[in-house]
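The values are calculated or read from the model by the stated rules, or taken from the named source; none is laboratory data. Remember, it's a predicted structure, so these values are computed and weren't measured experimentally. Surface areas here come from the heavy atoms of the whole protein model, side chains and all, with no ligands, DNA or RNA. Shrake-Rupley method; radii C 1.70, N 1.55, O 1.52, S 1.80 Å.
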Amino acid sequence: MAKQLKKSDNSSGQGLLWLFGAILAIQGFGSAITEAGWDTSFGVAGLLRAAHVPEWGTLLVGFAGAALLATAARRHHARRQAHRHL
């Protein structure tokens, strides 16, 4: 029987980290920039304003997205390093 590469069970989780990280970073930082530059709230900023969250809350969403992207990049790099040493 031919040797098959085992697909990691974590690959879909890794893809979700990239996806949610990008969405949160774009929505958080984009909403903060739009709100500061044009004095209008939409997307995450609009939802957070309706929930009475302070203006800096959108930046927290952006930083959470950046943290998820950093985690995804770190895991991706570690996986590539592990495969190189096989």
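Quick notes
- Qualifying residue in the stretch 42-54 (condition: open to solvent by less than 90 Å² (accessible area, probe 1.4 Å), modelled with pLDDT of 90 or more and not in a loop (DSSP other than H, G, I, E, B)): yes
- Looking across the stretch 27-41, just one residue is at pLDDT below 85 and either under 23 Å from the mean Cα position of the chain (by Cα) or in a helix (DSSP H, G or I) (or both), and that is Ser41.
- One residue stands out in the stretch 56-86 among those that are more than 14 Å from the chain's Cα centre (by Cα) and of a type in the set (D, E, K, R): the one that is least open to solvent (accessible area, probe 1.4 Å), namely Arg79.
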